[in-house]
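Working notes, beginning with the structure itself.
The values are calculated or read from the model by the stated rules, or taken from the named source; none is laboratory data. Remember, it's a predicted structure, so these values are computed and weren't measured experimentally. For neighbour counting, all protein chains shown are included, and Cβ atoms are generated from backbone atoms with ideal geometry for every residue, glycine included.
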Amino acid sequence: MTQIPENLRKIVDSLPENVQLVAVTKTKPESDIQQAYDAGHRDFGENKIQELVNKQPNLPNDIKWHMIGHLQRNKVKYIAKFVHLIHGVDSFKTLKEINKQALKHERIINCLLQIKIASEESKFGLSMAELHELVQNEELKSLENIKIIGFMGMASFTNDQDQVKKEFQQLKRLFDSLQHCQSKNMNLETLSMGMSGDYSIAIDAGSTMIRVGSAIFGERNYK
Ligand SMILES: *Cc1c(COP(=O)(O)O)cnc(C)c1O
């Protein structure tokens, strides 16, 4: 036996009722996912489409798969049939592609817009200006096979807890300030922020969904 079921239970038991846990399984074997599944967990996250596509057919059908990493538009088609929630949407073009692929499968795919909150130069995420432009895009209403259900953000990679807290609070304020942006395909209810090292800070700041990998499955070996 491994520590997986125990690690999982400890975290789940500590969560406020309104906070969901996505167990992040990138680089981890299917047997680890199966163990967490057997312990009752259903929400799993991967950050690479290829890895997700490889694992999904070998695992139970009722798993809710979260795509948490950066999306390559040309690969959206491989996950459109089954993905539960896409966390890393950072352009209108990507939304359009998700909509197109979702339509093919007669589904509505839930999406989170990834917002750039880290002070460090990270490659991904919408700036405030880009976000406002996106939500005001007239064409957005015509995307009937996607639904924007919230935001996702990653704090700076730093030991400075005040910095991390400020970044999460900033995202929460943004989330609150756009609650009026309601339409058929947009309703901000999910705020995905917090990982193994900072999920407590994120929850204090108002997170409703945390994405935790190493605290459940152990450190990752990148080979
Ligand atoms: C890997 C990853 C996580 C989980 O990281 P841990 O530090 O192992 O909890 C969360 N979110 C994203 C986007 C990731 O790529």
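So the values come out like this:
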{"item": "The one condition in (1) among the aliphatic types (A, V, I, L, M); (2) under 15 Å from residue 94 (Cβ atoms); (3) at pLDDT below 95 that residue 117 fails to fulfil", "result": "(2)"}
{"item": "Among the residues listed as 91, 31, the single one being of a type in the set (Ser, Thr, Tyr) and under 19 Å from the mean Cα position of the chain (by Cα)", "result": "91"}
{"item": "Residues of segment 111-133 that turn out to be in contact with a His (Cβ under 7 Å, 6 or more places away or on another chain) and of a type outside the set (A, V, I, L, M, F, W, C), as a count", "result": "1"}
{"item": "First in segment 135-152 and under 13 Å from residue 96 (Cβ atoms), second anywhere and of a type in the set (Gly, Ala, Ser) and surrounded by fewer than 18 Cβ atoms within 10 Å (Cβ to Cβ), Cβ under 6 Å, 6 or more apart", "result": "none"}
{"item": "Residue match in segment 100-112 (condition: among the acidic types (Asp, Glu) and closer than 25 Å to residue 214 by Cβ)", "result": "no"}
{"item": "All positions within segment 44-99 that are of a type in the set (A, V, I, L, M) and within 16 Å of the ligand (Cβ to nearest atom)", "result": "49, 52, 67, 68, 71, 79, 83, 85, 86, 89"}
{"item": "Scan of segment 106-133 for residues that are among the aliphatic types (A, V, I, L, M), more than 16 Å from residue 76 (Cα to Cα) and buried (at least 19 other Cβ atoms within 10 Å of the Cβ), ordered by number", "result": "115, 117, 126, 131"}
{"item": "Given (1) modelled with pLDDT of 95 or more; (2) closer than 23 Å to residue 201 by Cα; (3) surrounded by 15 or more Cβ atoms within 10 Å (Cβ to Cβ), index of the condition residue 6 fails", "result": "(3)"}
{"item": "Wholly within segment 12-105, strands (runs of 3 or more DSSP E) carrying at least 2 residues that are at pLDDT below 95, of a type in the set (Lys, Arg) and surrounded by fewer than 22 Cβ atoms within 10 Å (Cβ to Cβ)", "result": "none"}
